[in-house]
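Data first, discussion second: the structure below is written as structure tokens.
The values are calculated or read from the model by the stated rules, or taken from the named source; none is laboratory data. None of the values given here were measured: they were computed from a predicted structure. Cβ placement follows ideal geometry from the backbone for every residue including glycine, while neighbour counts extend to all protein chains displayed. Keep in mind that these areas ignore ligands, DNA and RNA; they rest on the heavy atoms of the full protein, side chains included. Shrake-Rupley method; radii C 1.70, N 1.55, O 1.52, S 1.80 Å.
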Amino acid sequence: MILIVTFVILMFLGLPLFGVIGLATVTAMIGMPFPMEFIPQNLYIGMDQFPLIATIGFVMAGFLMEPAGITGEIIDVAKRSVGNFTGGLAMVTILACMIFAALSGSGPATTAAIGSIMIPGMISAGYRKDDAAAVSATGGTLGILIPPSNPLILYGVVANTSIAGLFMAGFIPGFVMTTSMCITAYIIAKKRGYKGTGIKFSLTELLKSIWRGKWALATPVIILGGIYGGIFTPTEAAEVGVIWTLFVGLFIYRKLTWKNISSALIRTSAFAGSATILVGVSMAFSRLLTLYQIPQTVGAFMSSISTNPSVTLLLIALFIFLCGFVADTLAMVVVLAPVFLPITNALGIHPIQLGILFVVCCETGFLTPPFGANLFITMKITNVKLEEVALHSLPYLLTIWAIIFITALFPQFVMFLPELLL
């Protein structure tokens with residue numbers, strides 16, 4: 001009880017999340033029959049995780065790709081593919097986010113990179129600012145589902161599960177979600193009267209665009225092909241992605257400058273510091289939850305409601321959704337995964353299925369105020385109020401919930417590729 005009360009009070013006081021988790025852990029340890037050395041030991045264990053380097057590498061690659069010219073080439077290919085359909089620019093935004101997601105592994109990074117280019121274009125084409133912001137914020141959520149994904153890497157560390165298997169499991173839900181979002185964008189565009197780019201589809205022009213953007217499009221092929229081909233690990237793939245982006249930006253497109261590189265290094269360092277300390281304190285916090293037997297208590301409560309695996313997964317999804325209003329994605333993965341894993345393991349639910357459900361549920365947190373990171377990014381680009389962007393993101397949020405239901409009800413939706421290829 002002390003742990004929960006302290007956590008809630010510190011959260012309402014507005015402390016940084018790592019401070020909330022760390023101070024709640026220290027407070028709860030007072031009076032317990034465990035030495036205080038428990039905290040620094042678990043803090044070190046949480047931070048001493050080799051796969052964490054992968055998340056930092058993918059984030060840096062994402063920061064480099066826009067100034068390197070890779071983002072622009074991706075958008076050009078997407079425009080040639082679906083740009084002339086009704087709502088074509090919205091679809092282009094979603095498809096570009098899907099491709100960029102296979103490079104950065106980050107939802108906010110995807111939103112910022114694609115949204116900064118596509119939102120002004122959509123507004124110039126007659127889109128309402130709130131609609132342009134909403135579709136960019138929503139498309140950015142694909143950044144944590146389409147592999148490689150930073151939350152999936154962290155989940156793999158916490159759950160001691162194959163990261164390559166998690167990446168494979170994310171493909172089908174990712175493509176289905178992308179298609180569903182494009183359909184949603186088409187319906188909204190039809191209602192609002194949004195047109196396409198006016199450039200007729202041409203297979204020849206599309207192939208030319210693909211050829212011009214071959215260096216950019218080769219990036220996800222190299223990263224994911226190297227992982228699944230057994231050439232390098234996900235951690236090594238992240239560093240290969242950085243080196244490849246530097247090569248393309250400096251020597252192929254020649255758009256990357258030393259100023260861009262130094263800016264990317266500074267932004268990556270800021271992310272690395274905040275993410276690492278957050279993972280460290282979250283690991284200590286999750287171990288403390290285990291000592292308090294919180295997973296057993298939660299498991300007993302859920303078992304009293306239902307022992308059906310699908311119902312249990314939907315209850316977990318609802319809880320993660322509610323936490324997404326106030327918590328960061330990485331913190332939710334590290335803190336909550338150890339709570340739910342014993343419950344789902346006892347019901348025979350594969351950790352990979354829980355991992356994908358976890359990440360899809362975390363996507364909703366990007367679109368729900370007051371903590372929705374993607375909403376804040378697009379809000380700043382468009383100067384639209386947060387609540388307006390959130391309201392116009394609601395149809396896409398319902399699309400994400402449809403994927404959550406499918407993931408919970410049909411295990412093979414997630415497990416087909418991992419079981420086939422591993």
Q: May I ask you to give the solvent-accessible area per residue for the chain, in square angstrom, as obtained with a 1.4 angstrom probe?
A: 41
Q. Do the sum for the chain: with -39,500 (n - 2.57) for every DSSP H run of n ≥ 4, divided by all residues, what is the mean residue ellipticity at 222 nm, to the nearest 500 deg cm²/dmol?
A. -25500 deg cm²/dmol
Q.
For residue 412, project a label point 7 Å along Cα to C-beta. Then give me every residue of the range 161-186 with its amide nitrogen under 17 Å of that point.
A. 169, 172-173
Q | Reach of residue 191 by Cα under 17 Å, taken over lysines that are not fewer than 8 positions away in the same chain | A | 129
Q: Would you please name the chymotrypsin sites (Phe, Trp or Tyr not before Pro) within the range 149-225 that are DSSP coil residues with at most 15 other C-beta atoms within 10 Å of their C-beta?
A: 201
Q. Quick one: helix 394-409 against the long Cα principal axis of the chain, what's the angle to the nearest 10°, folded into 0 to 90?
A. 60
Q. Projected onto the charge dipole of the range 166-218 (+1 at Lys/Arg Cβ, -1 at Asp/Glu Cβ, origin at the Cα centre), which of 175, 188, 217 gives the Cα projection farthest towards the positive end?
A. 188
Q) Which value, in Å² and to the nearest 10, is the accessible area of residue 343 when all protein chains are kept and the probe is 1.4 Å? A) 20
Q | Crossing angle, helix 214-228 versus the chain [Cα axis fit, 0-90 degrees, rounded to tens] | A | 30
Q. Put +1 on the Cβ of every Lys and Arg and -1 on every Asp and Glu Cβ in the chain; which of 101, 346, 408 then has its Cα farthest towards the positive end of the dipole?
A. 101
Q.
Rg over Rh of the range 125-180, using C-alpha atoms and the Kirkwood radius, what does it come to?
A. 1.15
Q.
I want to check the label-to-label distance for residue 251 and residue 116. Put each point 7 Å from Cα in the C-beta direction and report it in nm to one decimal.
A. 2.6
Q: Name the shape class, rounded, prolate or oblate, that the alpha-carbon gyration tensor gives for the range 275-372, where a ≥ b ≥ c are the square roots of its eigenvalues, rounded holds for a/c under 1.5, and otherwise prolate holds if a/b is larger than b/c and oblate otherwise.
A: oblate
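Treating only the Cβ atoms of Lys and Arg (+1) and Asp and Glu (-1) as charged, compute the dipole magnitude of the chain about its Cα centre; round to the nearest 20 debye.
It works out to roughly 1300 debye.
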